[in-house]
Amino acid sequence: MAKAKYDKAKAEVSLARTHLGFTDIRAPFDGIMDYLHVREGSLLDEGELLTTLSDNSKMWVYFNVPEAEYLNYMMNNKEGSTKEVSLLLANSMEFNQKGIVETIEGEFNNQTGNIAFRATFDNPEKILRHGETGSILMRIPLKKAMIIPQRATFEVLEKLFVFVIDKNNIVRQREIKIGAELPDLFVVEKGLKVTDKVLLEGIRLVKDGEKIAYKEIAPRKAMANLNMYAE
């Protein structure tokens, strides 16, 4: 009888320890915990939400790509190869890890003309968190591309123009077509020849057909000062 009572007491102790263990909450993974939704000492019901936990060791970044850029990406990316992208953060600094494009949706959005991509970024320093925003930088090689500074262009009725200087030092307004847009640069698809001289500064101070005096500068020097305002 005494042994039976002893075994029963041990079983009750073991059951009490099991119940006590239910008061410890253990997450299945490491991550960043959000705020507590209830106060300490509150009575909880089964299934009630205490907080949320984010595993941000790797982050999924979703972004939309226009049809033209999608075609450039697919035509320059060999089958089976991985494509690296960069992430420009909200503070205009580039994230210190490269991302890999892993998923592309099957259909374009009929309203926007875009298709959704998903890239995965390692996040060892826990800089990225869920809900952040930024811009994806996709590097696509352009062969034999003609580029001009964006500040050398101007718009008239939603068309893009430049001033070209002819052999008599007369500026002529000329419409151009843009194939791609880069930071501070346009890739010209149509409208210019390699030998053309384009007016870079003072485009608001001249008129079509006007004769001007100008100073020619090397393309490398012009590209080195793209962010400087010149008028």
**Report entry** Paramagnetic label zone (point 7 Å from Cα along Cα-to-C-beta, residue 32; backbone N under 15 Å) in the range 53-90
**Finding:** 53-61, 89-90
Query raised in the report: What are the residues whose amide H is under 5 Å from the amide H of residue 186, where those residues sit 5 or more places off or on another chain and H is modelled from the backbone?
Result: 148, 150
**Report entry** In sequence order, calculated HN-Hα J values of the range 41-46 (Karplus, 6.51, -1.76, 1.60; Hz; x Gly/Pro)
**Finding:** x, 6, 7, 10, 9, 4
Report summary line: Taking max minus min of the Cα coordinates of the range 29-86 on each principal axis, largest first, gives extents in Å of 60, 22, 20
Requested in this report: Specify the longest stretch of the chain that does not include any exposed loop site, a site being one of the chymotrypsin sites (Phe, Trp or Tyr not before Pro) with a non-H, G, I, E, B DSSP assignment and at most 10 other Cβ atoms within 10 Å.
Outcome: 36-228
Query raised in the report: Which entries in the list 177/215; 144/211; 143/167; 197/221; 159/221 go over 24 Å, if you measure between the two C-alpha atoms of each?
Result: 177/215; 144/211; 143/167; 159/221
Requested in this report: Check each of the trypsin sites (Lys or Arg not before Pro) in the range 1-107 and keep only those in coil by DSSP with at most 11 other C-beta atoms within 10 angstrom; list them in order.
Outcome: 26, 39, 78
Query raised in the report: Over the chain, what per residue volume does the convex hull of the Cα atoms give, in whole Å³?
Result: 245
**Report entry** Cα gyration tensor, the range 146-224 - rounded (a/c under 1.5), prolate or oblate
**Finding:** oblate
Report task. Using only C-alpha positions, report the orientation-averaged shadow area of the convex hull of the range 58-137, nm², one decimal. Result -> 5.8
**Report entry** Relative contact order (percent, whole number), the chain, Cα cutoff 8 Å, 6+ residue spacing
**Finding:** 14
Report task. Mind listing the long-range amide H neighbours of residue 114? Cut-off is under 5 Å, sequence gap 5 or more, other chains count too, H placed in the peptide plane at 1.01 Å from N. Result -> 109
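Do any trypsin sites (Lys or Arg not before Pro) in the range 140-231 lie in a DSSP loop with no more than 16 other beta carbon atoms within 10 Å, and if so, which?
Numbers: sites: 143, 144, 151, 159, 167, 172, 174, 177, 190, 193, 197, 204, 207, 211, 215, 220, 221; in loops: 143, 144, 167, 193, 204, 207, 215.
Filter output for the range 140-231: 143, 144, 167, 193, 204, 207, 215.
Quick note: the coordinates plus some simple rules give every number you see, no bench work behind them. None of these values were measured; they are calculated from a predicted model. For neighbour counting, all protein chains shown are included, and Cβ atoms are generated from backbone atoms with ideal geometry for every residue, glycine included.
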